[in-house]
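See below for the structure under consideration.
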Amino acid sequence: MNDTTNEFHGLESVDGRAVVGRRIVWHETTASTNDDARRAAEAGEPEGLVVIADVQTAGRGRMSRSWISPPGRDLLFSVLLRPDAADLPKMPLLAGLAVARTLDAFTSQRVTLKWPNDVRAADRKISGTLAESGHSDAGYYAVIGTGVNVNLDAAAHPEIAEIATSLRTLNGRSVSRREVMRRLLKEMDDIYASPGAMSALVSDWSERLETIGQEIDVLWGDESIHGVAEGVDDSGRLLLRDRDGVVHRLEAGEVTLQTTPR
Ligand code: BTN
């Protein structure tokens, strides 16, 4: 690692965090920070590791999509945690809520969540999370991989030009990745290290969900279900009432949502 180009140097020891970011590893280039964190987990790394990259050559999104981010502009990172097994399903929510709270400090736009964990501002996506879990000799682990568009110019990327935004686009000036990362680690740690905040996580997260009450189409492999998103259960699964009144309980890993045009 060349620390003269590492914007995140020294973030381990600020803000007195308890767990998240106890060790921070920065790569100028890596395939995927989720893969790096997963390898570390399998090798017995304690929780709290954060892997950050300037460039990912195989950055992954949900549903096998790729994640677009030009070199050195945005936040691309993964956090390794070892929660109780009962808290594993909440890990993607932890990232979504922490990102939304962080972005509140950097934009005057309303920051909302689209189920399961897209963070949105000005009707566009500004952040996404791919959470993966596993079990090794040291027990269950979660790898929470998050991309936050800090200085991205989405207009320069036709695939996302109409659907993505960044802090720079919202504010009309570039924003310090280090400052966003610093605040985000603190927000994640404040939730994860506090039993009270973990208990309130699903309800705090669902208060920001723009999906509730919307008519949506859910794509599930080759199948599609149309219905109204009625709420979420204790683990953050979406409750979707279809045309026949049947309520489906949807896991984040399985589906994509499309808001039905009215
Ligand atoms: C999504 O919205 O589809 C999730 C995107 C997750 C992207 C992040 S970038 C850092 C981490 N490493 C990856 O390969 N993916 C996640």
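Nothing in this text is a laboratory measurement; each read-out follows from the coordinates by a stated rule. Keep in mind that what you see is a predicted model, and the values were worked out from it rather than measured. Cβ placement follows ideal geometry from the backbone for every residue including glycine, while neighbour counts extend to all protein chains displayed.
How much length would be gained if the chain were fully extended between Ser203 and Thr112, taking 0.36 nm per residue of separation minus their Cα-Cα distance, in nm to one decimal?
Numbers: separation 91, 0.36 × 91 = 32.76 nm, distance 1.40 nm.
Residue separation times 0.36 nm, minus the Cα-Cα distance, leaves 31.4 nm.
If you take the square roots of the eigenvalues of the alpha-carbon gyration tensor of region 142-262 and sort them as a ≥ b ≥ c, do you get rounded (a/c under 1.5), prolate (a/b over b/c) or oblate?
Taking the square roots of the gyration eigenvalues as a ≥ b ≥ c, region 142-262 is oblate.
So, R0 is 30 Å and r is the distance between the beta-carbons of Leu219 and Thr29; what FRET efficiency does that work out to, to 0.05? Present the calculation step by step, with values, prior to reporting the outcome.
Numbers: r = 33 Å, r/R0 = 1.10.
Working from the Cβ atoms, E equals 0.35.
In the chain, what % of DSSP beta bridges are antiparallel (nearest 5)?
Values: 47 of 56 bridges.
Restricted to the chain, the bridges split so that about 85 percent are antiparallel.
Please work out whether region 28-146 counts as rounded, prolate or oblate from its C-alpha gyration tensor, where a ≥ b ≥ c are the square roots of the eigenvalues and a/c under 1.5 means rounded, while otherwise a/b larger than b/c means prolate and anything else oblate?
Working: a/c = 2.04, a/b = 1.36, b/c = 1.49.
The shape class here is oblate.
Starting from 0.36 nm per residue, how many nanometres of slack lie between Thr5 and Ala122 once their C-alpha separation is accounted for? Write down the numbers at each step before the final one.
On the way: separation 117, 0.36 × 117 = 42.12 nm, distance 3.22 nm.
Full extension from Thr5 to Ala122 adds 38.9 nm.
Please list 33-39, 55-61 highest first by mean number of surrounding beta-carbon atoms within 10 Å per residue. Provide the component values of the computation, followed by the final result.
Working: 33-39: 21.9, 55-61: 16.4.
Put in order of decreasing packing, that is 33-39, 55-61.
So what is the calculated 222 nm ellipticity per residue for the chain, using -39500 (n - 2.57) for each DSSP H run with n of 4 or more, over all residues, to the nearest 500 deg cm²/dmol? Working shown, then result.
On the way: 5 runs with 57 residues, N = 262.
Result for the chain: -6500 deg cm²/dmol, rounded to the nearest 500.
Just flag the GluC sites (Glu not before Pro) in region 205-245 sitting in loop per DSSP whose Cβ has no more than 16 other Cβ atoms within 10 Å. Don't jump to the answer; show the numbers that get you there.
Numbers: sites: Glu207, Glu210, Glu215, Glu223, Glu230; in loops: Glu207, Glu210.
Those satisfying the criteria are Glu207, Glu210.
Relative contact order for the chain: what is it in percent, counting Cα pairs under 8 Å that are at least 6 residues apart? Let's see the in-between values first.
Values: 532 pairs, mean separation 43.9, N = 262.
With pairs under 8 Å counted, the relative contact order is 17 percent.
Out of region 217-256, which trypsin sites (Lys or Arg not before Pro) are coil in DSSP terms and have no more than 13 other C-beta atoms within 10 Å?
Values: sites: Arg237, Arg241, Arg243, Arg249; in loops: Arg237, Arg243.
Here the trypsin sites (Lys or Arg not before Pro) that fit, given the DSSP loop and packing criteria, are Arg243.
Suppose each label sits 7 Å from its Cα in the direction of the beta carbon; what would the Val246-Val228 distance come out to in nanometres?
It works out to 1.9 nm between the two label points.
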